[in-house]
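As structure tokens, the structure follows; a few thoughts come after it.
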Amino acid sequence: MNSIRKKLTIFTALIICYLGFSIYSNGCADEPSSLGLNFIPTGDTAGVVIFDSYIDSMLITSTNHKKLTNTSGSYNLMVGKNGNYDAKALIQIYDLSDDYDSAVVNSATLTLKYRNYYFPRAQSDSLGQVSFEIFKINESLNLGTITLDSVDNNTFGNISQGSYTGVPASDSEEVIINLNTSMIKDWLESEADTGYANKNYGIVLSPNNSSNVIKAFYSSVNSLGSDVKPELRIIVTKNSDTDTLVYDATGTLSLVNNTTIAQTNELFFLQAGIAYGQVLKFDLSKIPSTATINDVQLYLTIDPVNSILSNQSSNIISSAQVTDTAGLVTENILYKSGTSASNKYTIRLIKSTAVCPFQRWLLGETNYGVFFFPETIQSDLDLYAIYNTTASDPTKRPRLVIKYTPRTTQ
């Protein structure tokens, strides 16, 4: 009997030890307390913590910026007016023949081909009228680098060298405009004599008040070759011989402006072509300075009613870390994200080829925030209306989710 009691006592003790060990083990599986973290060696992992701005609360400041962009690489050469929007199209055609000094210019035409892009995006605007005058460019401009602030009232002439009013509606539809032959003669003379006063700096298509839409023609940059580029055709006579000279545009640029767009309590706007972007700055005071950032995802909600997106749009929002507020200098394009069926953008603000900006900020780098902009910033005028940090529906506000690993210091 004593033997049996002894065995039962041992068995009971083993069960109690097992249960105690299980309870201890389960407790270790949970996230360690801040006190427990102090006993983990430097650099050791202490599990993964998820910070959710919807749950844990985070101050996110939102500021709209007009960051002018160069559009010389766009397939669209935009011109026209609509409301407060104004688009000028610049065209340069160089390397004309130098054999036609003293020639008679019988005729000169500019041919443009419509690219079936119009702004704003509505059925009525597809049939809208575009109207413009053509003026000389008065000074040498590098269309590959300039932006809207590079020009002023003295940059362009005020004597019309040609005009157009019409309703192009079909892709590749031709628009043929007669040009002032005196201007073209000056171009040919300056090609033959570099000291000639009236030089060829190109032309600007400047919209007038008869325009009620902005439309795009094929630019000098396209995947279809020279068949759709702006084309200059000149018929000249010299020494009783008449020739037809044909030249493709060597450079094009759209200068688009709108001074009225601004964020509201409900929405902020991202717009290509001008361009408007948004800086979101995230307060990281609730994230330990010693944490290792594993993943950062931002969720934005688009308002389709107030957005204007074309059939040429990529529907992609890009982002970049702001490194200097003066001139809104950015670096490290982080991620590009498409929309989902629920009008949500998911933007992952971390990638393997660059140090995460959130990690940089924790390490002491100045936090200027992240700049968000349309991927087609240089190409079109697509407008994204995004719910702001102060939107009336809290579920539509920007939401940030950070996964990080707490670490300790010696």
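Checking every residue in segment 391-399 against the condition of being outside the structural domain of residue 222 (by TED's automatic domain parsing), of a type outside the set (Val, Ile, Thr), at positive phi and out of contact with any Asp or Glu (no Cβ under 9 Å at 6 or more places or on another chain) gives zero matches. Listed by position, the strands (runs of 3 or more DSSP E) inside segment 86-188 whose residues that are touching a residue at least 12 places away in the same chain (Cβ under 8 Å) and loosely packed, with under 15 Cβ neighbours inside 10 Å number at least 3 are 104-119, 174-178.
Check segment 236-252 and report whether any residue there is of a type in the set (Phe, Trp, Tyr), surrounded by fewer than 19 Cβ atoms within 10 Å (Cβ to Cβ) and more than 30 Å from residue 351 (Cβ to Cβ). Yes: one or more hits. With respect to the conditions (1) surrounded by 14 or more Cβ atoms within 10 Å (Cβ to Cβ); (2) farther than 21 Å from residue 61 by Cβ, residue 322 lacks only one, and its number is (2).
Taking the residues in segment 362-410 that are in a strand (DSSP E or B) and not hydrophobic (A, V, I, L, M, F, W, C) as candidates, determine which candidate is surrounded by the most Cβ atoms within 10 Å (Cβ to Cβ). If you could, list the steps in order and put the result at the bottom.
Just the residues of segment 362-410 that are in a strand (DSSP E or B), to begin with: 370-374, 383-387, 399-405.
Okay, now just the ones that are also not hydrophobic (A, V, I, L, M, F, W, C), so 374, 384, 387, 399, 403-405.
Working: 374: 26, 384: 30, 387: 21, 399: 20, 403: 17, 404: 22, 405: 16.
If we take residues in segment 362-410 being in a strand (DSSP E or B) and not hydrophobic (A, V, I, L, M, F, W, C), then 384 is surrounded by the most Cβ atoms within 10 Å (Cβ to Cβ).
The residue pairs whose first member lies in segment 254-273 and is surrounded by fewer than 15 Cβ atoms within 10 Å (Cβ to Cβ), whose second member is in a loop (DSSP other than H, G, I, E, B), and whose beta carbons are closer than 6 Å, counting only pairs six or more residues apart or on different chains, are 260/84; 265/390. Being closer than 24 Å to residue 391 by Cα and of a type outside the set (Lys, Arg) is the filter here; which residues of segment 323-348 pass it? Correct list: 337, 338, 339, 340, 341, 342, 343, 345, 346, 347. Note on segment 305-354: residues that are of a type in the set (Ser, Thr, Tyr), under 22 Å from residue 262 (Cβ atoms) and assigned to a strand (DSSP E or B) total 4.
Each row is one residue, and each column tells you yes or no for (1) at pLDDT below 95; (2) of a type in the set (Gly, Ala, Ser); (3) under 25 Å from residue 50 (Cβ atoms).
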| position | (1), (2), (3) |
| --- | --- |
| 309 | yes, no, no |
| 316 | yes, no, no |
| 327 | yes, yes, no |
| 330 | yes, no, no |
| 337 | yes, yes, yes |
| 346 | yes, no, yes |
| 398 | no, no, yes |
| 408 | yes, no, yes |
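Selection of segment 50-60 for residues being at pLDDT 95 or above and either in a strand (DSSP E or B) or among the polar types (S, T, N, Q) (or both) yields 50, 51, 52, 53, 60. Among the residues of segment 326-342, at least one is assigned by TED's automatic domain parsing to the domain that holds residue 287, touching a Lys or Arg at 6+ places or on another chain (Cβ under 6 Å) and in contact (Cβ under 8 Å) with a residue 40 or more places away in the chain.
Here's the yes/no breakdown for (1) among the aromatic types (Phe, Trp, Tyr); (2) in contact (Cβ under 8 Å) with a residue 24 or more places away in the chain; (3) more than 30 Å from residue 254 (Cβ to Cβ):
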{"residue": "346", "(1), (2), (3)": "no, yes, yes"}
{"residue": "350", "(1), (2), (3)": "no, yes, yes"}
{"residue": "358", "(1), (2), (3)": "yes, yes, yes"}
{"residue": "362", "(1), (2), (3)": "no, yes, yes"}
{"residue": "366", "(1), (2), (3)": "no, no, yes"}
{"residue": "369", "(1), (2), (3)": "no, yes, no"}
{"residue": "372", "(1), (2), (3)": "yes, yes, no"}
{"residue": "391", "(1), (2), (3)": "no, yes, yes"}
{"residue": "394", "(1), (2), (3)": "no, yes, yes"}
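Hey, among 238, 286, which residue is touching a residue at least 24 places away in the same chain (Cβ under 8 Å), assigned by TED's automatic domain parsing to the domain that holds residue 185, over 25 Å from the mean Cα position of the chain (by Cα) and over 23 Å from residue 168 (Cα atoms)?
Exactly one residue qualifies, and that residue is 238.
The values are calculated or read from the model by the stated rules, or taken from the named source; none is laboratory data. Keep in mind it's a predicted model, so treat the numbers as computed, not measured. We place every Cβ from the backbone using ideal geometry, glycine too, and count neighbours over all the protein chains shown.
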